[in-house]
Amino acid sequence: MEFNGFMDLPPLTDSVVELVCLAKNDAVPEKDWVPAYAFDIYVNDVKVGEVHLRTGMTKGLQYSGQIGYIVDEEHRGNGYAVRAVKLLAPVLNFHKMDRALITNEAGNTASQRVCEKIGAKLIATKPTPKWHDTYDEGWRTTNIYEWNLKI
């Protein structure tokens, strides 16, 4: 996929969640990193988590995904990750990404529910390779979901 620059972001908000862009990170080819956006997730002016979007595909992203999210523990269970991921749709469309990979550790049922709620489909469950960063974080099995925006 050819990268044609970062999007001038419109407000990314719904009736509950607002995404605030913290960074637009250039590719780092020597590390096999693609251009990426980093957002904080806000609810009523309170930061409740983060969401990241990587705008390309590499061997490593098969295991870390193109979209990553985390909601702070005290704010979990409110559907904020689902809302935040859905708010990324115009950015994905800008980059001509009609689908995105989202991965999670096989035991992370909360993240799996986020994938299910946005309509992502589980396409593979694979052993996490020892060379991948998530292996060092304790992941031994990676679920790979595909979120198809064309549906």
Given H placed on each backbone N at 1.01 Å, which residues far from Leu12 in sequence or on other chains put an amide H within less than 5 Å of it?
Leu19
In square angstrom, what is the accessible area per residue of the stretch 1-108 with a 1.4 angstrom probe?
53
Of Asn44, Val85, Leu12, whose Cα points farthest to the positive end of the dipole of the chain (charges on the beta-carbon: +1 Lys, Arg; -1 Asp, Glu; origin at the Cα centre)?
Val85
Whole Å is fine, so just give me how far the alpha carbon centre of the stretch 25-98 lies from that of the stretch 131-151.
13
Would you please give the FRET efficiency between Ser15 and Thr58, computed as 1/(1 + (r/R0)^6) with r the Cβ-Cβ distance and R0 = 41 Å, to the nearest 0.05?
0.70
Of Lys24/Lys96; Lys96/Lys117; Lys31/Lys130; Lys59/Lys126, which ones are farther than 19 Å apart at the Cα?
Lys96/Lys117
Among bridges DSSP assigns within the chain, what percent are antiparallel (round to 5)?
95
About its Cα centre, what dipole magnitude does the stretch 3-55 give when the only charges are +1 on Lys and Arg Cβ and -1 on Asp and Glu Cβ, stated in debye to the nearest 20?
100
How many percent of the accessible area of the stretch 1-93 is carbon or sulfur, using a 1.4 Å probe?
47
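The values are calculated or read from the model by the stated rules, or taken from the named source; none is laboratory data. This one's a predicted model, so the numbers in the text were calculated from it and none came from an experiment. Methodologically, a virtual Cβ is constructed for each residue, glycine included, from the backbone with ideal geometry; neighbour enumeration extends over all protein chains shown. Side chains are part of the model used for accessible areas, which takes the heavy atoms of the whole protein and leaves out ligands, DNA and RNA. Shrake-Rupley method; radii C 1.70, N 1.55, O 1.52, S 1.80 Å.
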